[in-house]
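Everything below concerns the one structure shown next.
Computed from the coordinates by the stated procedures, all read-outs in this text should not be read as laboratory data. Since the model is a prediction, treat every value here as computed from it, not as a measurement. Cβ placement follows ideal geometry from the backbone for every residue including glycine, while neighbour counts extend to all protein chains displayed.
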Amino acid sequence: MKKILLLATLFCPALFTIGGNAQETGSFTETITFMDESRSLACYVPESYDPAVPARLIIALHGLGDNGTNYRNAWVSGLDFADHITNTILICPDGGSDFNSDFYVPAGDEGIIQASIDFAKAGYNIDTTNIILQGFSLGGARALQYGLAHTDMFKGLLLNTPAIQGVKDAVTAYADGGLYAYDNAPEIPVYITHGSADELYMAPIDSMYEQMVKHNGMVRLVRFPIGHTIPDLEDFEEFDPFFETLFLDDYDAELVKVNTKPRTCETGTIASVLVQNKGAQTLSSIKMHYSWDGTDHPFTWSGTLEPFQHADITLPVITAADGNYMLTVTIDSINSLADVVEVNDNNKDSAAFRIMTDSQPLPYTQKFDDESYDNTWLTLPSGDYLLPFSYDDETQAVVTLNTIFIFDNSGRKEEIASPVLDLTSLENPFVSFDVAYSYIRYTEDLLGVDTLFADTLEVLVSTDCGATFTSVYKKGGEDLLTFPLPLENPLSLDECFITPDEESWRREQIDLSSFAASEEAVVKFSYKSALGGIIYLDNIAFVNEATGMKQVNKLEAKVYPNPVSERLTVDAGNETIKTIAVFDITGRKVTEAGYNNVSRVEIPVSGLINGVYMLEITGDKGSAMQKVAVKH
């Protein structure tokens, strides 16, 4: 996956040349020279074009894997462009010869947007105050990136299902290398459509939209019951009056999001709501009601909220018994005008929270035999669609994974936290758990250099009901590996899902005695992404001391020569070898042999094909894994 970098590149008119018939109408394609490459501009000019009347211009960026011609045809024929959008010239530039057709790769490629505008201005009478930048899917993400960086060029941004590349892509600040200059959001109107069935991009788009709102952006988001596509034009024609006037109503307070503490050990301030004034008039009061217990509780916010300003409104103290709740908040009236709320569908939202006033006594074990663990355990997702810690019915464990095949979520964490625990109920508390883990390796013959993508598991303990944490365990890569070998050279998302057998699990144990005085302890399992790995957790037990668990010792053994062509020597020094098993790169056991009272063994490798193998060597004092390359 290419990492897209925002590069400030000045457009130079000398990089392209303009040709073609300056007054052609209908659908046609022109070729220009841009950055020493021929680039196609798929154009549509209405038959009714009048050179005496300045025309609006829409520059439209297609999605990944498409081209400008197909995209122009989809707008003109599939969406009946001429029937819904008048006196408007449409230009769909092609993404170029680069694989992703991303409009920002290679560096400077985004200049094709300015080149398209200059082409239109050279041949037609363009209203330069009425240029719209549109984009679909990945083209929509790049339109947002370019538009926020060049707000003076456009009247508005029309984004149809912008393919924001994950929550990390959406929330990374521009100053920290992020792609989107959210600080400029108040300078340009942005109209966004998204399909409610397009689940992969739900969290990234919501995160992007929340950032726009928090920066007081002139933004609207409308969802339709469709997938990853553009809705019928007649369904979102309101983008036209929105770009013209910025406001569709005099009074419109949008309830953007309800935020809650996911879990707390005491009642109190649990929730807040993010609202934005979408109307033309200043708001002085917002009356709402909220419910978590079947009873409506009224609440009125008073203050001053100018158009497109936002507010984080803290709700009153919530008093509730131990249990799981769903908090729903609804706006009832704005400036005491109840009727304006009835015409809007953006006045309601919900979020879950958990009150846990009673600590779990120990000993206690969570086996993850079914999905009921959700009643007491707390899943803390990073936000993306794939994959928070989730129940796996095949292994009856919880699982999460990271991969290069979806989004760049490196550095983000999938987490799961225990119930609130009373560690004082044990004299010497320990936590033990079963783990099955593999990371991902790409070999030199595939990528040109050996490359590892290895995630990390960290276990942390809180003594204040999850407010602060202390790390007590951290392993990743080969240290955490429980499969015979890492997963090698996966070429699809499906290949990243591997299921452990009985031999692919390991038992871990952690001493919690230094936290034994805590009556409100939480143990959190935090899985940090390095873009590669899958992990399963099961049988998490909080017990007294390390009872019933084996201490795993590491056998010291040498193997040579390496690479080997004929015979491999395994030397355990003064220790005794009991068995040697050989695994191929898929983790399949190729051969296994037992030995009696020997410390040095020679193994013929003539029966093995060239490649990398793992040896599992076991003896009286433990076991060891050694990597060997066979090269005949």
**Links that overshoot a 24 Å alpha carbon limit, given the list K257/K524; K261/K475; K121/K155; K413/K589; K475/K578** = K257/K524; K261/K475; K413/K589; K475/K578
**Request:** First measure r as the distance between the Cβ atoms of D127 and H84, then evaluate 1/(1 + (r/R0)^6) with R0 = 25 Å and state the FRET efficiency to the nearest 0.05.
**Result:** 0.85
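So if R0 is 35 Å, what FRET efficiency would R567 and K475 give, r being the distance between their Cβ atoms, rounded to the nearest 0.05? Could you put the intermediate results ahead of the total?
Details: r = 35 Å, r/R0 = 0.99.
So, using R0 = 35 Å, E works out to roughly 0.50.
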**Prompt:** In the stretch 173-315, with Lys and Arg counted as +1 and Asp and Glu as -1 at Cβ, which of these residues, Y201, G279, G178, has the Cα nearest the positive end of the dipole, that is, farthest along it?
**Reply:** G178
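In terms of the Cα gyration tensor, with a ≥ b ≥ c the square roots of its eigenvalues, is the chain rounded because a/c is under 1.5, prolate because a/b exceeds b/c, or oblate? Show your work: numbers first, answer last.
Values: a/c = 3.32, a/b = 1.41, b/c = 2.35.
It comes out oblate by the Cα gyration axes.
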**Message:** For a protection proxy built on the mean count of beta-carbon atoms within 10 angstrom, sort 608-615, 442-449 highest first, please.
**Reply:** 608-615, 442-449
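Where does each of 409-419, 160-170 land if you order them by average Cβ count within 10 Å, highest first?
Working: 409-419: 20.6, 160-170: 24.5.
So the peptides 409-419, 160-170, ranked by packing, come out 160-170, 409-419.
List L457, L157 from most exposed to least, where exposure is judged by having the fewest other Cβ atoms within 10 Å.
On the way: L457 21, L157 26.
Fewest-to-most Cβ neighbours within 10 Å comes out as L457, L157.
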